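In what follows, a single structure is set out as structure tokens and then discussed.
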Amino acid sequence: MSRLSSFRGAPEFLFRLHFASISRLTLALSFLAATGVVRAQEPPTSSISRQVKDVFEHAAKAVVKIHGVDEHSEISGTGFFVDPTGTLYTSYTVGGEAGNFTIEFAGKKYPARQILADIRSGMAMLKVDLATPALPIGKSEQLEIATPVVTIGYPLDLPETPSFGMIAGFDRKYLGRYFSTTHLRVNLPTQRGEAGAPLLNLNGEVVGILVSSLENNSACYALPIDAAEKIRRDFVRFGEARHGWIGVNVSEAPAPVAGSRAEMTDIMPGTPAADCGAKAGDILVQVGRTKVCEPEDVLDASFFITAGDIVPITVMRGNEKLTFNVQADFHPASQRPPLIAAPTMNQAIPLKLDSQVQRRP
């Protein structure tokens, strides 16, 4: 039999062999591709670590160590530049009552001076006569529960150190005492020296200032950057913080009206709101730019009022929506400020919050 005849049926055999080879090759390539995909998709922890590292590398150059002396001892804390002319934000506990400030920046020490200390918000502003980097300012109102955040501080007199945590809550009071405005609770342990550190989102934008710690330093509170920026706007306009108020007591209404349960119970005599036209029983739905849904919303609404400004307040009276313009006066707590690093006392909140629901008379 010829050699050709010995390959009778060979095309079918070769086809089967060729097909089998292709199948094995396809499986091998699929396995390799799958392996490549797995390798390309880094573990979430690696991705987060890289983001934290990037934030630290870009932001640390605008974070400084602050030294000062108060009537009792030397103090040490953290601050950060918010403009290129050397303006610093820090906490009141660091920059509020001390003096003889120096900052450590770019490996050198420079004198600094206090330009504002606001005990009610818990922040202070210092100034150095230098051209400086500045951290970008974000929006604390965009934060949500579990938003990841980074701080950069100088714990225990150690070099600048990043810490990673997340937003754990938006608190208006702690241990029964009210803050002057909603504070950010961060599940991030803090150490001595980290007060005044910036709270940053993963874009490297400042969203808060560390102002106090919880028991056992297991977590901390940060003043929202939106609140700090309100204080700075006041300082630019007037050279001081001007906390305002309108003088209305509110309590919880039995049922919501237009989405709000904040019922005006009375308007204090001699206050800005006394002659504006609002009445007890009106449902407060907005103060300035701040919407009101619950009685405690007036804390934030009042915090963002500047004394001397005309503030529109919107109410529902039955089915009628009414707006009154009120010229805000200085908040009483500005003249009798509560202690900082402890939340503000109940008497210091902008509008009274009754513990019992009061029905319309």
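Side notes on the structure shown:
- Residue, nearest to Thr147 (Cα to Cα), within the range 211-236, restricted to residues that are open to solvent by 10 Å² or more (accessible area, probe 1.4 Å) and at pLDDT 95 or above: Pro224
- The residues of the range 186-201 that are of a type in the set (D, E, K, R) and either closer than 12 Å to Ser212 by Cβ or crowded, with 24+ Cβ neighbours inside 10 Å (or both) amount to a single one, Glu194.
- Residue match in the range 139-148 (condition: without any contact (Cβ under 8 Å) to a residue 60 or more places away in the chain, surrounded by 14 or more Cβ atoms within 10 Å (Cβ to Cβ), among the polar types (S, T, N, Q) and part of a loop (DSSP other than H, G, I, E, B)): yes
- Among residues of the range 98-133, those that are within 24 Å of the chain's Cα centre (by Cα) and either surrounded by fewer than 18 Cβ atoms within 10 Å (Cβ to Cβ) or under 18 Å from Glu240 (Cβ atoms) (or both), counted: 15
- Taken together, Ala117, Ala112 contain a single residue that is free of Cβ contacts under 8 Å to residues at least 60 places away in the same chain and in contact with a helix residue (DSSP H, G or I) (Cβ under 7 Å, 6 or more places away or on another chain), which is Ala117.
- Of the criteria (1) modelled with pLDDT of 95 or more; (2) closer than 17 Å to Lys173 by Cα; (3) not charged (D, E, K, R), which one Ile283 fails: (2)
- Test: residue in the range 101-110 that is of a type in the set (Ser, Thr, Tyr), outside any strand (DSSP E or B) and over 24 Å from Phe238 (Cα atoms): no
- In the range 257-268, the count of residues that are closer than 24 Å to Ser121 by Cα, under 30 Å from the mean Cα position of the chain (by Cα) and open to solvent by 20 Å² or more (accessible area, probe 1.4 Å) is zero.
- Residues of the range 157-172 that are of a type outside the set (Phe, Trp, Tyr) and either within 13 Å of the chain's Cα centre (by Cα) or part of a strand (DSSP E or B) (or both): Thr161, Pro162, Ser163, Gly165, Met166, Ile167, Ala168, Gly169, Asp171, Arg172.
- Annotation: of all residues in the range 25-69 being within 19 Å of Leu88 (Cα to Cα) and not in a helix (DSSP H, G or I), the one that is modelled with the lowest pLDDT is Val69.
- Boolean, Phe235 is under 30 Å from Ile167 (Cα atoms) and touching a helix residue (DSSP H, G or I) at 6+ places or on another chain (Cβ under 7 Å): no
The values are calculated or read from the model by the stated rules, or taken from the named source; none is laboratory data. What you are looking at is a predicted structure, and each value in this text was computed from that prediction instead of being measured. Note that we place each Cβ from the backbone using ideal geometry, even for glycine, and neighbour counts take in every protein chain shown. What goes into the accessible areas is simple: the full protein's heavy atoms, side chains included, and nothing from ligands, DNA or RNA. Shrake-Rupley method; radii C 1.70, N 1.55, O 1.52, S 1.80 Å.
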